[in-house]
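The values are calculated or read from the model by the stated rules, or taken from the named source; none is laboratory data. Computed from a predicted model, the values in this text were never measured in an experiment. Cβ placement follows ideal geometry from the backbone for every residue including glycine, while neighbour counts extend to all protein chains displayed. SASA here: full protein model, heavy atoms, side chains in, ligands and nucleic acids out. Shrake-Rupley method; radii C 1.70, N 1.55, O 1.52, S 1.80 Å.
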Amino acid sequence: MTPHINAQTGDFAETVLMPGDPLRAKYIAETYLENVREVTNVRNVLGFTGEYKGKPLSVMAHGMGMPSISIYAHELINFYGVKQLIRVGSCGGVDEELKLRDLIVATSASTNSAMIRDRFAGYDYAAAPDFELLKACSEAAKELDLSPRFGNILSGDLFYGSNPALLPAMQKMGVLAVEMEAAALFAIAAEFRVKALCVLTVSDHLITAEETSSEERQNSFNQMMELALETAYA
Ligand SMILES: Nc1nc(Cl)c2ncn([C@@H]3O[C@H](CO)[C@@H](O)[C@H]3O)c2n1
């Protein structure tokens, strides 16, 4: 038990998929896993453990923002022995080639948040996913005939009110998309020597201002889930 998770020791598999939304976690568990059981529900941040193709797998929500994912990632790693954390989520497209519902796999996560610098004595830390997981994801994408974009994303603290200079700076530096958690997940995984990855679908676009319907979001979400699941058990 921890202040934020009421699962018993051993309740989590070594691999945990992490959407932001608890109801998404429930949907993933019910749709893709067998022998599913709810293992935590503190503050309704739901977590489940079941089996995928006969192997143990957990799904747990991480909430919104780097402070939230930092708490859950830290506790899953240090109190429940989790070794692979794969964020599956949505992002805002920045790269103009990106279409809505495109898949993105983060090869690094820039940030404008002080949270990562604070962990690195005030220097700029290069937050990046685990190479083995990234390689497995690239192979799984080929197997599934999916073509995600691999590249740098930005993890920000603000959904509203970002500095107006940020968007042109992201475009200039080739940042593919913006979300609010990956940099913290990568930094924490690196600090505790475990593996992390972030797979995203483009749910809205900051330049073209296109938006997706919830039904369209759902379909592209399924492709992202298949990619994450195959990567987890490559
Ligand atoms: N800043 C920001 N901006 C845009 Cl355009 C987003 N699209 C999806 N997200 C993700 O969805 C949630 C916010 O809606 C956050 O968890 C974040 O990771 C976004 N976060």
Hey, does segment 149-160 have a residue that's among the small types (G, A, S), within 15 Å of the ligand (Cβ to nearest atom), at negative phi and not in a helix (DSSP H, G or I)? yes
Name the residue that is farthest from A228 (Cα to Cα), counting only residues in segment 104-115 that are open to solvent by 10 Å² or more (accessible area, probe 1.4 Å) and more than 12 Å from the ligand (Cβ to nearest atom). A114
Residue within segment 73-95 that is within 16 Å of the ligand (Cβ to nearest atom) and either free of Cβ contacts under 8 Å to residues at least 60 places away in the same chain or farther than 27 Å from D145 by Cα (or both) present: yes
Condition first: open to solvent by 40 Å² or more (accessible area, probe 1.4 Å) and either of a type in the set (S, T, N, Q) or more than 8 Å from the ligand (Cβ to nearest atom) (or both). Now tell me which residues in segment 175-209 satisfy that. E191, F192, R193, K195, I207, T208, A209
Test: residue in segment 131-143 that is in a loop (DSSP other than H, G, I, E, B) and either acidic (D, E) or buried (at least 17 other Cβ atoms within 10 Å of the Cβ) (or both): no
From S162, S113, grab the single residue that is of a type outside the set (D, E) and in contact with a helix residue (DSSP H, G or I) (Cβ under 7 Å, 6 or more places away or on another chain). S113
